[in-house]
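Student: Before I ask anything, let me first share the structure, which is written out below as structure tokens.
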Amino acid sequence: MVLVPRHFHPGQSKVAELIFIKKFSPYSIPMFSIPLHCDGLILIPCITGEMFMCNPATREFVELPLGTRSIGLDHRTAFGFDPWSGTYKVARHFVRSYRDIYHGDDTIREYSCGHEIMTLGGTKEDWEWKATMDPPYPIKARTPICLPGFFYWSALHSMAHGKVISDVIIRFSLLDETFTVHPNPPCRGYLSDNDTLCALGGKLCYVLSVTPSEIAIWLAEDGPNLSWSLCHRVTLPIPRWALVFACASSEPDKIFLSVDGCYVLKCNLCDGSLGEIINIPCDVLYDLRNGTKFKAGARPLAHYMVPFVESLVRIRPLE
């Protein structure tokens with residue numbers, strides 16, 4: 001695993017210098033879903049249940065304790081800062097069991113799901129998972145969104161004939177550790193395989209894939225109920241194959257768009273104009289700082305865009 005900074009802009013160097021590397025021996029790291037970032041810490045959740053957290057600035061790399069076993073590989077992990085306790089917390093959902101119920105020509109699958117949370121820091125004895133209330137609906141295998149004090153999960157609301165009819169967004173509060181249920185934006189009743197939830201400027205964002213070449217960006221105003229509004233429609237210069245992620249930038253009214261983890265664009269939300277920042281496989285020159293330099297090209301590398309900042313936050317608990 002190699003982590004590299006993304007501090008380049010048009011006209012600047014496109015060399016990404018190595019800042020952290022972790023080699024696994026004798027086996028490689030298990031398959032993982034999208035890494036999560038908060039205040040300089042990066043959480044790598046594996047679909048098999050293992051979780052690794054690293055701080056590239058301090059070179060600290062830690063495997064977190066295993067949580068409750070899930071019968072499937074479709075669980076995900078949330079990670080963020082709790083402003084009420086001043087601590088960092090990790091949450092995960094899991095599936096205890098399920099059963100199929102037959103209604104004529106249709107089959108309904110009922111799930112028994114759980115949810116647990118762990119607080120980082122403290123002593124080693126405090127580093128354990130604590131069960132919370134069960135989620136009101138089965139949480140989907142999609143990466144959750146973490147905003148200060150809240151984790152947002154996409155959950156299955158209803159199905160018919162094996163197809164998803166509707167989803168909901170369930171919000172987990174780190175203050176009282178309870179769930180509230182909220183609707184998807186009016187543009188779509190369920191989170192499709194080509195849509196994404198993101199965090200944008202401290203708000204929950206829904207990137208709707210209207211077509212492979214067009215997206216619509218929806219933002220939710222926080223409060224007792226999520227109030228969705230259409231922010232902008234954007235025509236992509238290249239069609240997406242799978243997903244488009246949105247990420248805040250340091251400039252007001254401008255955001256980054258990552259198309260399939262390969263192309264990074266900057267979008268002006270005032271007029272919808274786009275500028276290409278970089279084509280990662282073709283343009284980024286990776287410098288391993290040992291005399292080796294290479295471009296990704298067709299290599300099977302995974303790229304993820306996170307608003308990374310350096311930090312001296314400690315991961316391991318005190319002995």
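Since every read-out is calculated from the coordinates, none of them should be taken as a lab result. Worth saying up front: this structure is predicted, and the values here are computed from it rather than measured. Methodologically, a virtual Cβ is constructed for each residue, glycine included, from the backbone with ideal geometry; neighbour enumeration extends over all protein chains shown.
Student: What ³J(HN,Hα) values, in whole Hz, does the Karplus curve 6.51 cos²θ - 1.76 cosθ + 1.60 give for segment 51-60 when θ = phi - 60°, with x put for Gly and Pro?
Tutor: 9, 10, 10, 9, 10, x, 5, 9, 6, 7
Student: Where in the chain is the longest stretch that carries no trypsin sites (Lys or Arg not before Pro) classed as loop by DSSP and with at most 11 other Cβ atoms within 10 Å? Write down the numbers at each step before the final one.
Tutor: Working: sites that count: K23, R59, R69, R289.
Result, exposed sites excluded: 70-288.
Student: Work out, step by step, the length gained on full extension between V62 and D253: first 0.36 nm times the residue separation, then minus their alpha carbon distance; give nm to one decimal. Don't jump to the answer; show the numbers that get you there.
Tutor: Details: separation 191, 0.36 × 191 = 68.76 nm, distance 3.68 nm.
Contour length minus the Cα-Cα distance gives 65.1 nm.
Student: Now, a different point. Dipole of segment 31-183, Cα-centred, from +1 at each Lys and Arg C-beta and -1 at each Asp and Glu C-beta, to the nearest 20 debye?
Tutor: Numbers: 14 positive and 18 negative charges, 49 e Å.
Value, rounded to 20: 240 debye.
Student: Now for a different question. Using helices alone, what [θ] at 222 nm do you get for the chain, with -39,500 (n - 2.57) per DSSP H run of 4 or more residues, divided over all residues and rounded to the nearest 500?
Tutor: Values: 1 runs with 4 residues, N = 319.
Value at 222 nm, helices only, nearest 500: 0 deg cm²/dmol.
Student: Roughly how big is the chain's charge dipole about its Cα centre, with Cβ charges of +1 (Lys, Arg) and -1 (Asp, Glu), in debye to the nearest 20?
Tutor: On the way: 30 positive and 33 negative charges, 161 e Å.
The calculated dipole for the chain is roughly 780 debye.
Student: While we're on this one: Taking K14 as the anchor, which aspartates and glutamates have their alpha carbon closer than 14 Å to its alpha carbon, excluding any fewer than eight residues away along the same chain?
Tutor: E276, D283, D287
Student: Once Rg and Dmax of the Cα atoms in Å is worked out from the coordinates, which option in (1) 21.3, 85; (2) 22.6, 70; (3) 20.1, 66 does it equal?
Tutor: After the calculation, the listed value that fits is (3).
Student: Give me W127, W241, W153, W218 ranked fewest to most by other Cβ atoms within 10 Å of their Cβ, as a rough exposure proxy.
Tutor: Result, fewest neighbours first: W241, W127, W218, W153.
Student: Would you work out which of I278, G49, W153 lies farthest towards the positive end of the dipole of the chain, given +1 charges on the beta-carbon of Lys and Arg and -1 on that of Asp and Glu, about the Cα centre?
Tutor: Most positive-ward Cα: I278.
Student: Could you sort out which of K22/K124; K130/K266; K124/K293; K23/K266; K23/K254 sit more than 29 Å apart by Cα distance in this structure? Please report the intermediate quantities before stating the final value.
Tutor: Working: K22/K124 24 Å; K130/K266 41 Å; K124/K293 41 Å; K23/K266 33 Å; K23/K254 36 Å.
Violating the 29 Å limit, Cα to Cα: K130/K266; K124/K293; K23/K266; K23/K254.
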